[in-house]
Amino acid sequence: PGGLFWQYDVRDGMEESISGGRHEKNARPTINSYMYGNAKALKKLAHLAGREKLAQKYAAKADTLKFLIQKNLWNPASSFFEVLKYDGGFAGVREAIGFIPWYFNLPDQGYEQAWKQVTDKEGFLAPFGLTTAERRHPGFRTHGCCKCEWDGAVWPFATSQTLTAMANLMNNYEQSVINDSVYFRLLELYVESQYYRGRPYIGEYLDETTGYW
């Protein structure tokens, strides 16, 4: 009813998270950012096809989603884009999905403080990469089911999203939170993690403190 899209966390390209579950219809930064990206792409396609009325339609959809995401998914108390629960309250946890709006250059200037969390050891910075949830949260690594957990372990898929979003932040925004040295070190961690017994290897996720897949 509020205009945002909802999704179960396990159908959002992920697994069991702190903020939701496989039966909760929550408004998530993921699905809404993806739909924003879709609308922007459809606008460009329509423009290339000379269908200006259709281009305007999808431009309006993108603008509306951008407004709703910044208005309803940004939690000023945590300075982060968070999951909005089906009952209307914030999930109360910073998760890596809160960086995805930058994957599409969605946020306006002024939300950059969220990125302080990637260099905070109580935030997302762990010895073997960027975690999928903030390490300080009491629910960290407690919501997994059947080895299906998106509650803190390091997932390469999530890391690749975060690194792309971070590159957009550095290239397209005026900010002083992230610099190239930070980015390169996080990229190094991402690369170094993709080994097992001395050979190149990649799995679903790895332990953030031991590096074991």
Q. Can you list, bin by bin at 10 Å, the percent of alpha carbon pairs in the range 1-65, starting at 0?
A. 23, 38, 25, 12, 2
Q | the chain - charge dipole about Cα centre, Lys and Arg +1 at Cβ, Asp and Glu -1, debye rounded to 20 | A | 760
Q | Value of Rg to Rh for the range 92-188 (Rh from inverse mean 1/r over Cα pairs, i.e. Kirkwood) | A | 0.96
Q.
Which lysines, if any, have their Cα less than 16 Å from the Cα of LYS44, not counting same-chain residues under 8 positions apart?
A. LYS53, LYS57, LYS61
Q: Assign unit charges at the C-beta atoms only (+1 for Lys and Arg, -1 for Asp and Glu), then state the dipole size of the range 15-139 relative to its Cα centre in Debye, rounded to the nearest 20.
A: 560
Q) Hey, if you put +1 on the Cβ of every Lys and Arg and -1 on every Asp and Glu Cβ in the range 26-94, which of GLY89, ALA59, THR30 ends up farthest toward the positive end of that dipole? A) ALA59
Q | the range 31-88: translational diffusion in µm²/s, Stokes-Einstein, Kirkwood Rh over Cα pairs, 20 °C, 1.002 mPa s | A | 172
Q. Among all the aspartates and glutamates, which ones have a C-alpha under 18 Å from LYS66's C-alpha, if same-chain residues fewer than 8 places away are not counted?
A. GLU82, ASP108, GLU112
Q. Based on the inverse mean of 1/r over its pairs of different Cα atoms, what is the Kirkwood hydrodynamic radius of the chain, in Å?
A. 17.8
**Q.** Value of Rg/Rh across the range 147-202 [Cα atoms, Kirkwood radius]
**A.** 1.05
(Q) Using the alpha carbons of the range 61-148, what is the convex hull volume per residue in cubic angstrom, as a whole number? (A) 131
Q) Just how far, in whole angstrom, is the range 1-65 from the range 155-177 if you go by their alpha carbon centroids? A) 19
Q: Have a look at LEU73, LEU187, LEU84 and tell me which one the Gaussian network model of the chain (Cα, springs below 10 Å) gives the largest fluctuation.
A: LEU187
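FYI, it's all coordinate maths here, none of it is from the lab. These numbers come from a predicted model, not from an experiment. Quick reminder, even Gly has a Cβ in these numbers, built from the backbone with ideal geometry, and neighbours come from all protein chains shown.
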